[in-house]
Amino acid sequence: MKLTILVVEDEFITATDIQNKLVGLGYDVPPPVDNGEEAIGKARELRPSLVLMDIGLAGKMNGIEAGKQIMEGLDIPVVYLTAHRDESTFWHALESGPFGYILKPFEIHDLRHGIEMALRKHGDTRLASQGAKRKVPKGIPRALLLLFVAACVLLVVAFAVGPARLAQPGTIGSPAPPPGVTTGTQAAPTGTPAEETQYDKNVAIVEEIAKGYHDTHTYLGVQTGQSGDIFVCIDMAKDVWNMVKTRGINAVIEVGNVDHNVTTLADVNHAWVLAEVGPLQWLAIETTGGYVVPEAMNPRYYTGMQFDTPADMTKYLCGQSYCWSNTCVDSQCQACRSGYVIGTDLQCHLECGPGYCMGNEACVNGRCEKCNSGFVLGPDGQCHPACIDSNHYCLSGYVCGNDYKCHPE
């Protein structure tokens, strides 16, 4: 029997594309609906296995409100779809208790993984709930009663802990397991109440660190319209990594891309921290956003390249000409000289107005202008007559003679 997925999306083309993808994955997909009120009615009528709910629906009811009513009133799991990446949307959605959170645009395997994870989580929730409510027959031996209670506790803890993350540290573009290091916390053996308490404490610690660091540091870089990077993600990740480690929690720095899968180093555009809040349980810390990201909300925070220390990361990335706020010279990350800033190509460029100049461009009255033919850009940011070849030039007050040497004017 096919599982039924109800799609709620107010963009017709997007809804059709999602429907086709789901059908290709083997799901039964009725015609999508485009508003919250109709979504609740269809869910009540069709009783689908799961609802894929766009958050930004047009109309009186947004996707979060509709999803909350479907989950609470009909006991149907809801996975949110959204193109919004802001922190407020994430936390607002999280408060409604969704079974998944998928960012657009997404790839087909992300959709399948998100659905399967949500269905598994919903099934575990039902099983745990039914086990907790089941009455014990009268006259049952005390030993069996204790065994029954213990089984229920283990089931609830298993659900709370969730599946372990499997990955290969140091690889790109594949699910990466935690590095081969032990946790710095003194967690109790698996399945005991003490472990859950330590887990909760560790989660609270990393959430506190993420928010506290964000409240005192502002990310300002070329991505936000600045001429250069003041606080960049790579440096912020180093700080947060150190703060987590000094609180007795094991952590690694990870570099990757949370918008799409990483296949080469060129895909890498962000750095964050993974904290081991429990044995084989990791929580991603969004260093520039100031919040934590569970794997179910965005699995890509759990893929990429992992490094045990900032020094390991710096050494590797510099060797690959990846230094973010600095440029890489002879396998050493060095700051750009005065008047120059790091560009999106990770090279130093002449600062000019609100941005920077690239190639054979000079900064003239706050605007980048190409040097005329026969002239070359010098380190002073000015165009100079080329002499010998395009890599050599004469400074102001000198001219290039027929002997291809610079002579006073």
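The values are calculated or read from the model by the stated rules, or taken from the named source; none is laboratory data. Worth saying up front: this structure is predicted, and the values here are computed from it rather than measured. All Cβ positions, glycine included, derive from the backbone under ideal geometry; neighbour counts span all protein chains shown. Note: accessible area is taken over every heavy atom of the protein model, side chains too, but ligands, DNA and RNA are not part of it. Shrake-Rupley method; radii C 1.70, N 1.55, O 1.52, S 1.80 Å.
When Tyr398, Tyr340 are compared by accessible surface with a 1.4 Å probe, the order from highest to lowest is Tyr398, Tyr340. Once backbone amide H atoms are built at 1.01 Å from N, Val292 has Glu286 as its partners under 5 Å, excluding neighbours fewer than 5 places away on the same chain.
With the simple model of a label 7 Å out from the Cα in the direction of the Cβ, Thr309 to Lys2 spans 5.6 nm. Stretched out straight at 0.36 nm per residue, the stretch from Tyr291 to Gln382 would grow longer than its current Cα-Cα span by 28.3 nm. Shown are Asp54, Asp215, Asp239, whose ranking by accessible area with a 1.4 Å probe and every protein chain present, most to least, is Asp215, Asp239, Asp54.
For region 26-119, the solvent-accessible area works out to 44 Å² per residue, with a probe of 1.4 Å and every protein chain left in place. Between Asp200 and Arg337, what is the FRET efficiency for a Förster distance of 60 Å, r being their Cβ-Cβ separation, to the nearest 0.05? Using R0 = 60 Å, I get an efficiency of 0.75. Between Glu37 and Tyr316, the C-beta separation translates, for a Förster distance of 41 Å, into a calculated FRET efficiency of about 0.20.
Less than 5 angstrom separates the built amide H of Asn250 from those of Gly184, Thr185, Glu276, all sequence-distant by 5 or more or on a different chain. Each residue of region 237-253 was assigned a 3J(HN,Hα) from its phi angle through the Karplus expression (A = 6.51, B = -1.76, C = 1.60, θ = phi - 60°), giving 5, 4, 4, 5, 4, 5, 5, 5, 5, 6, 8, x, 10, 5, 8, 10, 9 Hz with x at Gly and Pro.
The modelled label-to-label distance between Leu94 and His407, using points 7 Å beyond Cα along the C-beta direction, is 7.3 nm.
For Arg247 and Arg44, a Förster radius of 51 Å and the Cβ-Cβ distance give a FRET efficiency of 0.60, rounded to the nearest 0.05. Compared with the direct C-alpha span, the chain from Thr16 to Glu369 gains 122.4 nm at full extension, assuming 0.36 nm per residue.
Placing dummy labels 7 Å off each Cα toward the beta-carbon, the span from Thr125 to His109 is 2.7 nm. What length, rounded to one decimal in nm, is gained on full extension from Val399 through to Ala83, with 0.36 nm per residue of separation minus their alpha-carbon distance? So the extension gain works out to 108.1 nm. Among the protein heavy atoms of region 1-80, carbon and sulfur supply 51% of the accessible surface, probe 1.4 Å, non-protein parts ignored.
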